Amino acid sequence: MKYLVMVQGSQADYEAMAGQPSEGRPVWSEKELQAMFAFMGEITNDLAESGELVDAQGLTAPAQTRFVSADKEGRPVITDGPYGETKEVLAGYWLVDCESLERVTEIARRIVQCPGPEGLVEPPVVIRPVQDASGGEC
């Protein structure tokens with residue numbers, strides 16, 4: 001079964017990683033950033049080795065986001081980010097093909113152990129089953 005394992009974040013998290021502190025978001029040192037990237041890379045490599053990895057990507061900061069919606073008349077409305085009303089966004093993901101929800105939960109438990117600066121509050125990791133074209137789970 002395929003699952004999307006999503007790591008949440010915020011614009012403030014990306015700013016903290018770039019050296020700009022904010023309330024509740026400690027600044028990351030270069031050493032802490034390298035440790036985080038190495039940790040995430042190790043998870044990706046382990047999933048590739050086990051044959052469970054379908055895809056994995058980190059995403060850019062919400063400030064680089066574009067939001068496309070429709071107005072009341074159905075015309076496209078395009079807004080560039082970041083969006084103040086959005087507290088958390090998708091920061092990165094793994095698409096995995098695992099035997100069970102229990103297995104993908106083990107992967108998520110590992111992800112939340114990611115190293116970071118002292119005082120960091122880890123955002124949640126969200127697991128969603130992927131639906132196939134017929135409406136069932138993959």
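The values are calculated or read from the model by the stated rules, or taken from the named source; none is laboratory data. Since the model is a prediction, treat every value here as computed from it, not as a measurement. Don't worry about glycine lacking a Cβ; one is built from the backbone with ideal geometry, like all the others, and counts go over all protein chains shown.
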Taking A61 as the residue in question, decide whether it is at pLDDT below 95, of a type in the set (G, A, S) and out of contact with any Phe, Trp or Tyr (no Cβ under 7 Å at 6 or more places or on another chain). no
Within the set of pairs 6 or more residues apart or between chains, which connect a residue that is closer than 13 Å to A61 by Cβ and modelled with pLDDT of 95 or more inside the range 16-36 to a residue that is among the basic types (K, R) and not in a helix (DSSP H, G or I) with Cβ atoms less than 9 Å apart? none
For S50, all conditions in the list (1) surrounded by 10 or more Cβ atoms within 10 Å (Cβ to Cβ); (2) in contact (Cβ under 8 Å) with a residue 12 or more places away in the chain hold save one; what is the number of the exception? (2)
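A quick yes/no check of all residues on (1) in a helix (DSSP H, G or I); (2) of a type in the set (D, E); (3) modelled with pLDDT under 90:
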position	(1), (2), (3)
K72	no, no, no
I78	no, no, no
G92	no, no, no
I107	yes, no, no
Q113	no, no, no
G116	no, no, no
E122	no, yes, yes
A133	no, no, yes
Looking at the range 59-66, can you tell me whether even one residue there is in a strand (DSSP E or B), basic (K, R), without any contact (Cβ under 8 Å) to a residue 40 or more places away in the chain and out of contact with any helix residue (DSSP H, G or I) (no Cβ under 6 Å at 6 or more places or on another chain)? yes
E118 being acidic (D, E), in contact (Cβ under 8 Å) with a residue 24 or more places away in the chain, surrounded by 15 or more Cβ atoms within 10 Å (Cβ to Cβ) and more than 16 Å from V5 (Cα to Cα): no
Could you list, in sequence order, the residues of the range 1-48 that are under 30 Å from A133 (Cβ atoms), of a type in the set (F, W, Y) and part of a helix (DSSP H, G or I)? none
Of residues in the range 9-47 being among the charged types (D, E, K, R) and farther than 27 Å from D80 by Cβ, the one surrounded by the most Cβ atoms within 10 Å (Cβ to Cβ): E32
